[in-house]
Amino acid sequence: MTSGNRIAIVGAGIAGLACAKVLRQEGFPVEVFDRTPDVGGVWSATRRYPGLRAQNTKHTYHFSDYPMPADYPRVPDGQQMQAYLDGYVHHNGLGEHLRLSTEVVAADPVDSGWLLEIRDKGGIHRTSCDHLVIANGVFSDPAVPDFHGADRFRRAGGQLGPASKFHDVESVRGKSVVVVGYGKSACDIAEAVSHVAASTNVVARRLLWKMPRKLARVLDYERLMLTRMGEAHFRYQELGRFERFLHGRGHSFRDTNLDVIQELVTKHMKLRELGLVPEGRFEEIAESTVSLTTENFYEQVTAGRIAVHRDATITEMLGGDDGPGVRLSSGEAIQADVVICATGFHQRVPFLTPYIQRQLTDDDGNFRLYRQILPVGVPNLTFVGYNSSVISALNAEVAAHWTAALLRGRLALPAVDDMRTQVDERLSWMSERTNGHHAHGTAVTPFSIHNIDEMLADLDYRLPLRTRAAQWFRTVKPSSYRGLGERRTQANEAAPGIQVSAGT
């Protein structure tokens with residue numbers, strides 16, 4: 001592709017902004033579309049539920065060349081995250097390339113690229129691009145279950161909606177609230193509303209293991225999830241030398257470490273006393289995402305301000321003389337003025353034609369993307385942000401460099417059949433590892449560092465040995481990847497054709 005080719009990016013969240021910045025640096029004209037009036041994606045003011053905070057600290061959750069403001073707290077809240085991303089736009093001169101409050105409603109492939117149908121305040125328009133980047137994210141389309149009796153519930157005055165549409169804690173003051181789900185957003189919202197609601201009930205189909213930010217003097221969430229040593233405790237598809245030891249002859253060392261963490265977590269949050277010990281082993285915390293403990297959630301459970309109904313689902317929504325409510329699979333009926341669903345997301349791209357959608361996914365709805373970026377066999381199309389992780393900004397940024405190299409013809413890709421085989425093997429491994437609980441849109445947690453290593457290997461670039469060695473015991477620093485485009489070019493010129501094996 002030449003620098004004159006126009007690139008359209010759908011989504012102005014972390015991934016879309018990173019891609020726009022990198023592709024602009026490569027000389028491509030870019031245009032970024034987002035249906036919301038502000039940038040941010042999951043951090044947009046239109047989706048900011050009460051209690052929303054970053055999982056990571058400001059030291060790990062930022063772009064490589066744009067650190068968080070020094071006056072930010074250690075863990076930024078949703079408003080600060082959106083402001084940070086807005087600052088990234090201004091810092092990199094992306095404002096003139098944004099088309100906010102503009103939704104892509106259809107994208108049709110044509111010989112020269114894509115014909116887009118967009119909707120803004122002025123109506124429906126058409127435009128075109130030579131290459132389409134989909135950065136709508138794997139957390140953009142909330143899934144609300146089709147509850148039996150929902151209409152009756154609403155007629156009785158009940159309110160039902162997704163977590164991303166719940167913005168005002170005061171709106172539930174004195175009301176009975178039911179939160180469906182047990183992930184981070186469910187517990188965040190339940191804790192926030194428990195201080196003002198008449199009652200707060202959490203309906204959890206399946207309890208998940210959660211990790212406190214700080215667990216012991218030498219152990220915290222980021223040390224487990226954002227070091228090579230911590231990541232090595234979870235079995236990857238292709239094992240490096242030390243990982244083969246941990247999952248082979250040294251498995252007792254690994255198992256003991258995870259058992260100790262499990263016991264510390266159980267005691268720290270008093271899960272036995274509360275009857276909230278999840279089934280299974282602690283390593284299941286990393287099936288497709290990692291759930292962080294919401295501060296004060298279990299304290300509110302202990303105080304009786306939150307009731308958790310474990311291993312339960314809503315079988316029916318009620319309405320009548322007694323007012324709105326829900327019936328659980330246990331048979332118990334609960335009063336519910338408001339039901340908030342933190343029940344995951346649909347992972348789909350609705351503006352693509354059915355034919356293209358069939359090319360992108362398998363029969364189970366899994367996106368078939370090589371390196372979580374390239375749909376094999378669909379020309380002029382890539383994804384970014386579908387390698388969602390606990391360091392999404394950095395993973396998306398490296399993926400953007402991968403995409404730029406692809407468009408410049410600098411990537412030596414495997415044969416098409418080999419790429420398809422690798423995609424099939426990865427999906428099979430994900431399904432087996434998670435018992436089918438993986439994200440269909442794809443995610444790389446807890447293997448954020450592995451994912452970056454693989455993309456860098458494709459780019460024939462390896463971090464300095466000293467940096468890689470430090471990452472075994474210290475959390476990843478995004479600044480270690482600063483200036484990747486320039487450094488990679490210099491490395492290639494100094495040592496052309498060097499092949500770097502992934503997973504070592």
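The values are calculated or read from the model by the stated rules, or taken from the named source; none is laboratory data. Source: prediction; values computed, not measured. No Cβ is skipped: glycine too gets one built from the backbone with ideal geometry, and neighbour counts run over all protein chains shown. Keep in mind that these areas ignore ligands, DNA and RNA; they rest on the heavy atoms of the full protein, side chains included. Shrake-Rupley method; radii C 1.70, N 1.55, O 1.52, S 1.80 Å.
Annotations for the structure displayed:
- For segment 30-77, filtered to residues that are open to solvent by 50 Å² or more (accessible area, probe 1.4 Å) and of a type in the set (K, R), the residue that is farthest from V104 (Cα to Cα) is R74.
- From I134, I124, I118, residue being in contact with a strand residue (DSSP E or B) (Cβ under 8 Å, 6 or more places away or on another chain), open to solvent by 40 Å² or more (accessible area, probe 1.4 Å) and modelled with pLDDT of 95 or more: I124
- Of note, S448 satisfies the criterion of being open to solvent by less than 10 Å² (accessible area, probe 1.4 Å), among the hydroxyl-bearing types (S, T, Y) and under 23 Å from H233 (Cβ atoms).
- Selection within segment 88-105 - β-branched (V, I, T) and either farther than 22 Å from R24 by Cα or outside any helix (DSSP H, G or I) (or both): T102, V104, V105
- The residues of segment 362-377 that are in contact (Cβ under 8 Å) with a residue 60 or more places away in the chain and more than 18 Å from the chain's Cα centre (by Cα), listed by number, are D362, D364.
- Residue among L100, L132, L115 that alone is under 30 Å from the mean Cα position of the chain (by Cα) and more than 25 Å from R358 (Cβ to Cβ): L100
- Qualifying positions in segment 383-401 - touching a Lys or Arg at 6+ places or on another chain (Cβ under 9 Å) and either more than 10 Å from I452 (Cβ to Cβ) or among the acidic types (D, E) (or both): E397, A400, H401
- Selected residue (only one of D146, D108, D151 is in a helix (DSSP H, G or I) and open to solvent by 20 Å² or more (accessible area, probe 1.4 Å)): D151
- Once segment 346-373 is narrowed to residues that are of a type in the set (K, R) and either buried (at least 19 other Cβ atoms within 10 Å of the Cβ) or at pLDDT 95 or above (or both), the residue that is nearest to V384 (Cα to Cα) is R371.
- Residues that are modelled with pLDDT under 95 and in a loop (DSSP other than H, G, I, E, B) were ranked within segment 158-180; the one that is nearest to H309 (Cα to Cα) is F166.
- Applying a threshold of 6 Å to beta carbon distances and a minimum spacing of six or more residues, or different chains, the list of pairs starting in segment 213-226 at a residue that is closer than 11 Å to T293 by Cα and ending at one that is open to solvent by 20 Å² or more (accessible area, probe 1.4 Å) and part of a loop (DSSP other than H, G, I, E, B) reads Y221/R213.
- One residue stands out in segment 183-209 among those that are buried (at least 22 other Cβ atoms within 10 Å of the Cβ) and polar (S, T, N, Q): the one that is nearest to Q300 (Cα to Cα), namely S194.
- For the criterion of being farther than 30 Å from T403 by Cβ, within 24 Å of the chain's Cα centre (by Cα), open to solvent by 10 Å² or more (accessible area, probe 1.4 Å) and not polar (S, T, N, Q), G161 passes.
- Residues in segment 78-105 that are surrounded by 20 or more Cβ atoms within 10 Å (Cβ to Cβ) and small (G, A, S): G78 alone.
- Only listed residue being within 30 Å of R217 (Cβ to Cβ), buried (at least 16 other Cβ atoms within 10 Å of the Cβ), touching a strand residue (DSSP E or B) at 6+ places or on another chain (Cβ under 9 Å) and in contact (Cβ under 8 Å) with a residue 60 or more places away in the chain, chosen from T293, T343: T293
- Subset of segment 374-395 that is of a type in the set (S, T, N, Q) and in a strand (DSSP E or B) - its residue that is modelled with the lowest pLDDT: S388
- Selection of first residues in segment 468-480 that are under 19 Å from L224 (Cβ atoms) and of second residues that are part of a helix (DSSP H, G or I) and among the acidic types (D, E), restricted to Cβ pairs under 6 Å at least 6 apart or on distinct chains, gives the following pairs, ordered by first then second residue: T475/E222.
- Filter pass, A18 being open to solvent by less than 40 Å² (accessible area, probe 1.4 Å), in contact with a strand residue (DSSP E or B) (Cβ under 8 Å, 6 or more places away or on another chain) and under 21 Å from I449 (Cα atoms): yes
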